[in-house]
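Notes for the one structure printed next.
The values are calculated or read from the model by the stated rules, or taken from the named source; none is laboratory data. These figures come from a predicted structure and were not determined experimentally. All Cβ positions, even for glycine, are placed from backbone atoms using ideal geometry, and neighbour counts span all protein chains on display.
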């Protein structure tokens, strides 16, 4: 497949319109954040578009036009219409569906004040040193340094140590989807809610709508979303391609 030049990414993102919360925002993030890439079956009038981020991908178009080797080496969570399932199974017979719940924060829902700090470039080492099971928080930015430099993350520090991070996991034009991680030794102390509340204020100040997605079995994530006032707005599915579906703790 051909890699689309950076100057043409907006046209590819338009193939995924309208922008919706959840995995469909992968394409918007590629276009807005400048991370990842778009690939197409042909540059002139493409029939199928693949948006790729580290560990995440999305597909739109005609599955029959996807080259047989297009997904070689691709591993992660794929957002795609159900008609792409046969080609995903051809690439990985063990591909599995990961159900998602999607939430939106209504404009009239207030969030508590928070002293979570805006993370910057100097905080890249602290993000990189976060415990391994929280490394996914910077996955869609490509690196801890890229997330730190984005200006789209808030953090809670305890005794000089970064213990909770809320970050824009997907950056869209209308929505920003939050991702939140908290160090295992500091959970159930309100740090996730504090970091997320500060980020929500930032998102609203940017004129976008805060959204949240998680799996039905992730009780901790669901509890934070509920605590902050998020309301259900839909469901979705991601296909786990060559990776296991995460087990919620």
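What's the total number of residues in segment 147-162 that are surrounded by fewer than 24 Cβ atoms within 10 Å (Cβ to Cβ) and touching a helix residue (DSSP H, G or I) at 6+ places or on another chain (Cβ under 7 Å)?
Here the count works out to 4.
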Review point. When the residues of segment 163-190 are filtered to those that are without any contact (Cβ under 8 Å) to a residue 40 or more places away in the chain and out of contact with any helix residue (DSSP H, G or I) (no Cβ under 8 Å at 6 or more places or on another chain), which remaining residue is farthest from residue 206 (Cα to Cα)?
Key: 185
Exercise for review: Can you confirm whether segment 119-129 contains a residue that is in the same structural domain as residue 226 (by TED's automatic domain parsing), over 30 Å from residue 69 (Cβ atoms), modelled with pLDDT of 95 or more and not in a helix (DSSP H, G or I)?
Suggested key: yes
**Study point:** Residue in segment 206-218 that is over 17 Å from residue 118 (Cα atoms), surrounded by 13 or more Cβ atoms within 10 Å (Cβ to Cβ), without any contact (Cβ under 8 Å) to a residue 12 or more places away in the chain and assigned by TED's automatic domain parsing to the domain that holds residue 150 present
**Key:** no
Check your understanding: In segment 99-115, is there at least one residue being surrounded by 15 or more Cβ atoms within 10 Å (Cβ to Cβ), at positive phi and part of a strand (DSSP E or B)?
Key -> no
Practice item. Could you check how many residues of segment 69-85 are in contact with a strand residue (DSSP E or B) (Cβ under 9 Å, 6 or more places away or on another chain) and not in a helix (DSSP H, G or I)? Key: 10
Exercise for review: Tell me which residues, restricted to segment 57-69, are surrounded by 19 or more Cβ atoms within 10 Å (Cβ to Cβ) and at pLDDT below 95.
Suggested key: none
Review point. With respect to residue 183, is the statement that it is crowded, with 16+ Cβ neighbours inside 10 Å and either modelled with pLDDT under 95 or under 29 Å from residue 92 (Cα atoms) (or both) true?
Key: yes
